[in-house]
Amino acid sequence: MAVVSLLEELAHLKKISDFRRKGFVYTLEAVIAATLFMTIILVVLPGIQDQSLDRGLQESVHASMESLDMAGELEAGMSASEIEAELDPYIPPGISYSVKLSELDTETRRFNAPEEFSFSEEGDRAELKLWIDYADDLTVTFQDETIVENHDSPDYIQGELSGADGDLSFTGDGEGRFDFDVYTSSGETPDTENLRSVNYIISGEKITEIQVFLWQE
């Protein structure tokens, strides 16, 4: 009888031990679940909300520029400060912003080598886009810079030039057309973190890209 009682007691103690072990596992699982939940609440959701806010703000500013453009309030040739003044009523409180402009002035010509073109443009940089329909020992230079040398086949060539003031020369034999693009920028890119930008293009005598920078102080 003593042996039976001892075995029953051991079985009872084992049940208690198993129960406590299961309780510990359940408690640990609950702690892990609570930790994950708090991580989502404190870390993940704010990031998602910030991204949503960014998209909403950018879409709102772009829609505002579309409305101003349709109303004739945005025009090519306006300064960055003039555009900032037009945008100011549409920027929500607590958001800082600035405007940077990039203007593109394109002159399109046909060439029939040998031929020379003179340009006296002002800009930050210039670019040449060249469509060659026919070439036989064709060489193209701008100032002292060789763009194409001894070319003998139809081609498309694009390259940045050393400036916007100088002579574009075609020697040898060839024909085609070219775009002489001059880019001018005004305004600065803010040196700040979490910068967002909205781009909008207006057309006139020159193509103007408006870049609105947005950030929160």
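We did not get these values from a lab; they are worked out from the coordinates using the rules stated. What you see is a predicted model; the values in this text were computed from it and never measured.
Quick one: Karplus J couplings for the stretch 199-204, per residue in order, coefficients 6.51, -1.76, 1.60, θ = phi - 60°, nearest Hz, x for Gly and Pro?
Per-residue couplings from phi come out as 10, 8, 10, 10, 10, x Hz.
Can you give me the long-range amide H partners of Ile147? Hydrogens built in the peptide plane at 1.01 Å from N, cutoff under 5 Å, separation of 5 or more residues or another chain.
Close amide H contacts, sequence-distant or interchain: Val140, Thr141, Phe142.
Whole-Hz ³J(HN,Hα) for each residue in the stretch 115-120, computed from phi via Karplus 6.51 cos²θ - 1.76 cosθ + 1.60 with θ = phi - 60°, x for glycine and proline: what do you get?
Here the 3J(HN,Hα) series is 7, 9, 10, 10, 10, 9 Hz.
Across the stretch 177-190, in residue order, what do the Karplus-derived ³J(HN,Hα) couplings come to in whole Hz, using 6.51 cos²θ - 1.76 cosθ + 1.60 with θ = phi - 60° and x for Gly and Pro?
Once θ is set to phi - 60°, the couplings for the stretch 177-190 become 9, 8, 10, 9, 9, 10, 10, 10, 10, 9, x, 10, 7, x Hz.
Please list, in chain and number order, the residues 5+ apart from Asp124 or on another chain whose amide H is under 5 Å from its amide H, with Hs placed from the backbone.
Counting only residues 5 or more places away or on other chains, the set is Tyr183, Thr184, Ser185.
Give the shape of the stretch 86-146 as rounded, prolate or oblate, defined through the alpha-carbon gyration tensor: a ≥ b ≥ c are the square roots of its eigenvalues, a/c under 1.5 means rounded, and otherwise the shape is prolate if a/b is larger than b/c and oblate if not.
Prolate is the answer for the stretch 86-146, as a/c is 1.5 or above and a/b outweighs b/c.
Tell me, rounded to the nearest percent, the portion of alpha carbon pairs in the stretch 61-103 spaced more than 11 Å apart.
Cα-Cα pairs of the stretch 61-103 separated by over 11 Å account for 66 percent.
Volume per residue, Å³, of the convex hull around the alpha-carbon atoms of the stretch 148-197?
Details: hull volume 7.9 nm³, N = 50.
In the stretch 148-197, the Cα hull volume divided by residue count equals 158 Å³.
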